[in-house]
Amino acid sequence: MHTLLRWYREGADLQARMPVLATYLGHASIDGTQDYLQMTAELYPEIVSRSDAAFSDVIPRRPWRSS
């Protein structure tokens, strides 16, 4: 989470860097990384907004899973 937060604050392209983070964490796919990361209340709306703006026409929204 600290790396993701740092990248976000630096204005990095988070979608482009997620495969790097997944590889670093040893995950076989980005899905595993997404399940592993916990979004903070502070960042979640901004990350969703940025992702939707960039990729909403390409990447379908993943259905919400309740625990």
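Some values worked out for this structure:
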quantity: Pairs, first in contact (Cβ under 8 Å) with a residue 60 or more places away in the chain in region 17-34, second assigned to a helix (DSSP H, G or I) and not aliphatic (A, V, I, L, M), C-beta under 9 Å, six or more apart; calculated: none
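So that you can scan it fast, the table gives a plain yes or no per residue for (1) in a helix (DSSP H, G or I); (2) at pLDDT below 80; (3) among the polar types (S, T, N, Q); (4) surrounded by fewer than 11 Cβ atoms within 10 Å (Cβ to Cβ):
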| position | (1), (2), (3), (4) |
| --- | --- |
| T3 | yes, no, yes, no |
| R9 | yes, no, no, yes |
| A12 | no, no, no, no |
| R17 | yes, no, no, no |
| V20 | yes, no, no, no |
| H27 | no, no, no, no |
| G32 | yes, yes, no, no |
| D35 | yes, yes, no, no |
| M39 | no, yes, no, no |
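The values are calculated or read from the model by the stated rules, or taken from the named source; none is laboratory data. Small disclaimer: the values here were computed from a predicted structure and weren't measured. Cβ atoms come from the backbone with ideal geometry, glycine included; neighbour counts cover every protein chain shown.
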